[in-house]
Amino acid sequence: MIVIQEQEFRRFADYIKVNYGIHFKNEKKTLVEGRLGQVLTSMNMGSLTEYMEYVTTDKTGQAAAVMLDRITTNYTFFMREPEHFHFFRDRVLPYLSQTAKDRDLRIWSAACSTGEEPYTLAMLIDEFFGSNKAAWDTKILATDISQGVLASAMSGVYGKEKIADLPDGWKKRYFKPLDSERCILSEKIRNEVIFSNINLMNTSFPFKRKMHVIFCRNVMIYFDNDTKDRLAERLYDITEPGGFLFIGHSESLNREATRYRYVMPAVYRKE
């Protein structure tokens, strides 16, 4: 197993924080050793310093993509933190159905991981609008910094245990068996989500119009307070007036710094 020296770990941690916002404290050194050790060994590299030189000089970005896939935590599931989805269904969608101009919903699932969050939103939207959905643009943007999880999300393939707790109606309507262990989402729902690679540390986001709803959940927990505050400001700037921001239940915004108004635990609104 590769042993990472304290000094090179700090250089690595500084690089990750500046470029991706993730804050690795000193006690995470063992975690990084475990997650990157196999990569370094397979590449016959003897140190983290050597590996970071390779990552930072690779112009294709593929080396950085592999590194991010290894060090990021991609844990999620359908209907995670269900209170948010109930609020989205019962409060947000009725509001947007009455106020969204040109019947154009703009919803962003940031740090979407393997896709369960945006697909849950797509199923809720499909159920809410029913036969009237064809008159609306309901495409959801789903982004992550990890190309590996985006590839998994785009496939729409999940183990049957992943959907076990979903409503029976959803399982019948939106999924079909792929084999004895896996199922695949219907093409109808997969086509409702557009996946893209976006780094939340970008100083600006490539959106022509502002978002009605942003789900940015369980990612800011990895950021320090200053990084969280700066991200919240950028998200506020691209939120439509009246729009909503959802963050994770283990997260919170600085009430004294943010311009968002608190609505309920982990839900904020731009007024």
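The values are calculated or read from the model by the stated rules, or taken from the named source; none is laboratory data. The structure displayed is predicted, hence computed values, not measured ones. Note that we place each Cβ from the backbone using ideal geometry, even for glycine, and neighbour counts take in every protein chain shown.
Residue-level check: of (1) under 20 Å from residue 209 (Cα atoms); (2) surrounded by fewer than 19 Cβ atoms within 10 Å (Cβ to Cβ); (3) in contact (Cβ under 8 Å) with a residue 24 or more places away in the chain, residue 101 misses just (3). Looking across the stretch 112-138, just one residue is surrounded by fewer than 16 Cβ atoms within 10 Å (Cβ to Cβ) and either part of a loop (DSSP other than H, G, I, E, B) or among the acidic types (Asp, Glu) (or both), and that is 137. Could we say that residue 36 is touching a residue at least 24 places away in the same chain (Cβ under 8 Å), hydrophobic (A, V, I, L, M, F, W, C) and over 30 Å from residue 159 (Cα atoms) here? When the stated conditions are applied, residue 36 does not pass them. Every listed requirement among (1) outside the structural domain of residue 212 (by TED's automatic domain parsing); (2) part of a loop (DSSP other than H, G, I, E, B); (3) surrounded by 14 or more Cβ atoms within 10 Å (Cβ to Cβ) is met by residue 44 save one, (3). Count of the stretch 255-271 residues, restricted to those that are surrounded by fewer than 11 Cβ atoms within 10 Å (Cβ to Cβ) and either within 14 Å of residue 215 (Cβ to Cβ) or of a type in the set (S, T, N, Q) (or both), is 0. Residues of the stretch 215-271 that are more than 26 Å from residue 114 (Cα to Cα), assigned to a loop (DSSP other than H, G, I, E, B) and among the charged types (D, E, K, R): 255, 256, 259, 270, 271. In the stretch 139-184, the residue that is surrounded by the fewest Cβ atoms within 10 Å (Cβ to Cβ) out of those that are touching an Asp or Glu at 6+ places or on another chain (Cβ under 8 Å), of a type in the set (D, E, K, R) and in a helix (DSSP H, G or I) is 160. Looking at (1) outside any helix (DSSP H, G or I); (2) of a type in the set (A, V, I, L, M, F, W, C); (3) out of contact with any Lys or Arg (no Cβ under 8 Å at 6 or more places or on another chain), which one does residue 78 not meet, given that it meets all the others? The number of the failed condition is (3).
Report yes if some residue within the stretch 50-58 is buried (at least 18 other Cβ atoms within 10 Å of the Cβ), at pLDDT below 90 and not assigned by TED's automatic domain parsing to the domain that holds residue 243; otherwise report no. Within the stretch 50-58, none of the residues are buried (at least 18 other Cβ atoms within 10 Å of the Cβ), at pLDDT below 90 and not assigned by TED's automatic domain parsing to the domain that holds residue 243.
Suppose we keep only residues that are among the hydroxyl-bearing types (Ser, Thr, Tyr) and out of contact with any Lys or Arg (no Cβ under 7 Å at 6 or more places or on another chain) within the stretch 220-266. Which one would you say is nearest to residue 73 (Cα to Cα)?
First pass over the stretch 220-266, keeping only residues among the hydroxyl-bearing types (Ser, Thr, Tyr): 222, 227, 236, 239, 250, 252, 258, 260, 262.
Then drop every residue that is not out of contact with any Lys or Arg (no Cβ under 7 Å at 6 or more places or on another chain), which leaves 222, 227, 250, 252, 258.
Details: 222: 10, 227: 18, 250: 15, 252: 19, 258: 27 Å.
Selected residue: 222.
Within the set 56, 72, 49, 76, the sole residue that is under 30 Å from residue 128 (Cα atoms) and in contact (Cβ under 8 Å) with a residue 24 or more places away in the chain turns out to be 76. Check the stretch 192-207 and report whether any residue there is under 27 Å from residue 156 (Cβ atoms), among the aliphatic types (A, V, I, L, M) and without any contact (Cβ under 8 Å) to a residue 60 or more places away in the chain. Yes: the stretch 192-207 contains one or more residues that are under 27 Å from residue 156 (Cβ atoms), among the aliphatic types (A, V, I, L, M) and without any contact (Cβ under 8 Å) to a residue 60 or more places away in the chain. The set of residues from the stretch 1-15 being exposed (fewer than 14 other Cβ atoms within 10 Å of the Cβ) and either touching a strand residue (DSSP E or B) at 6+ places or on another chain (Cβ under 6 Å) or of a type in the set (A, V, I, L, M, F, W, C) (or both) comprises 1, 3.
Residues of the stretch 212-271 that are hydroxyl-bearing (Ser, Thr, Tyr) and free of Cβ contacts under 8 Å to residues at least 12 places away in the same chain: 262 alone.
I'd like to verify a number: residues in the stretch 62-88 that are more than 26 Å from residue 164 (Cβ to Cβ) and either surrounded by fewer than 12 Cβ atoms within 10 Å (Cβ to Cβ) or of a type in the set (Val, Ile, Thr) (or both), how many?
Going residue by residue through the stretch 62-88, those that are more than 26 Å from residue 164 (Cβ to Cβ) are 62-71.
Pick out the ones that are also either surrounded by fewer than 12 Cβ atoms within 10 Å (Cβ to Cβ) or of a type in the set (Val, Ile, Thr) (or both) and you get 62, 66, 71.
The number of residues fulfilling the criteria is 3.
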